[in-house]
1. Quick check: is even one residue across segment 82-94 among the acidic types (D, E) and within 26 Å of K149 (Cα to Cα)?
2. Name the residue that is farthest from M143 (Cα to Cα), counting only residues in segment 37-75 that are hydroxyl-bearing (S, T, Y) and part of a loop (DSSP other than H, G, I, E, B).
3. Does L85 meet the test of being assigned to a loop (DSSP other than H, G, I, E, B), surrounded by 15 or more Cβ atoms within 10 Å (Cβ to Cβ) and at pLDDT 90 or above?
4. Take the residues in segment 105-149 that are under 21 Å from T62 (Cβ atoms) and among the β-branched types (V, I, T), then tell me which one is modelled with the lowest pLDDT.
5. Tell me, which residue of segment 76-104 that is in contact with a Lys or Arg (Cβ under 9 Å, 6 or more places away or on another chain) and acidic (D, E) is farthest from T137 (Cα to Cα)?
6. With respect to E23, determine if the residue is more than 30 Å from M143 (Cβ to Cβ) and among the charged types (D, E, K, R).
7. Within the bounds of segment 12-35, is there any residue that is over 25 Å from E102 (Cα atoms) and either in a helix (DSSP H, G or I) or at pLDDT 90 or above (or both)?
8. Do we find that E102 is charged (D, E, K, R), assigned to a helix (DSSP H, G or I) and at pLDDT below 90 in this structure?
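The values are calculated or read from the model by the stated rules, or taken from the named source; none is laboratory data. Bear in mind that the values here come from a model prediction, so they are computed numbers and not experimental data. As a convention, Cβ positions derive from the backbone with ideal geometry for all residues, glycine included, and neighbour counts pool all protein chains shown.
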Amino acid sequence: MKNIALFIGILLFIGCTPQNENELSPSEYQALLEQTVLPIPDSALTAEQMEMKIKLLDICHTHICIEGNCQKLSVGKDLFEKEGLPAIYYDVLQYQIKESNEAIKRWIAEDEALSDHFSRLNQDSMMKATHEYYWNTERPRLMKLLQAK
C-alpha cells in the first residue's frame, strides 16, 4: 500500500516548474539535504527530529498543489520559519519539486502511450488519495513512533 501511495504521489506531480533564480545545484542540494532529517530512517530519529519531520510533511500535504500541470508549493520560507523549520527545508523541498516535475515530464515524453494515459487522469483525485493516505495512515504511524520516544 505504501508503494502504491508513493507511486500515486509521484504521478500527481506531472508537469514542470518554472526556473527560479535561486535554484540550487545538485551539489548544493546534497549538502543541504545532509543537514536535514530527511535521509535519516524514522527509527533512528530523535523525538525532536520526528517532530520536525511531521511538521514538514504536514506542510507538504497542506500546501503542495497542482497548478498549470506543475507541482507547486503555495507558501514561502516564512511559513517554514514560523513552524520552527529551518529555511533549508524550504530550499530542499523546492529542489525536490523541480526535479520531480522535470523527471516525470521526461519520463512521460519518452513514451507516447504514457502521455495519453496520464493526460486523462484526474490529478485532483490522485492528490486527494495521496493526502488521505498521509493523514489517515502515515501521519498516525509517525505520531505513534513519536509517542514511543
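1. Yes.
2. Narrowing segment 37-75 to residues hydroxyl-bearing (S, T, Y): 43, 46, 62, 74.
Next cut, part of a loop (DSSP other than H, G, I, E, B) only: 46, 74.
Values: T46: 13, S74: 25 Å.
Per the criteria, the residue is S74.
3. On the way: assigned to a loop (DSSP other than H, G, I, E, B): yes; surrounded by 15 or more Cβ atoms within 10 Å (Cβ to Cβ): yes; at pLDDT 90 or above: yes.
Yes.
4. Initially, segment 105-149 is screened for residues under 21 Å from T62 (Cβ atoms), giving 122-146.
Subset that is among the β-branched types (V, I, T): 130, 137.
Numbers: T130: 87, T137: 96.
Restricting to residues being under 21 Å from T62 (Cβ atoms) and among the β-branched types (V, I, T), the top hit is T130.
5. Checking each candidate, the answer is D91.
6. Values: more than 30 Å from M143 (Cβ to Cβ): yes; among the charged types (D, E, K, R): yes.
Yes, satisfied.
7. The initial filter retains those residues of segment 12-35 that are over 25 Å from E102 (Cα atoms), namely none.
The answer is no; no qualifying residue exists.
8. Numbers: charged (D, E, K, R): yes; assigned to a helix (DSSP H, G or I): yes; at pLDDT below 90: yes.
It is true that E102 is charged (D, E, K, R), assigned to a helix (DSSP H, G or I) and at pLDDT below 90.
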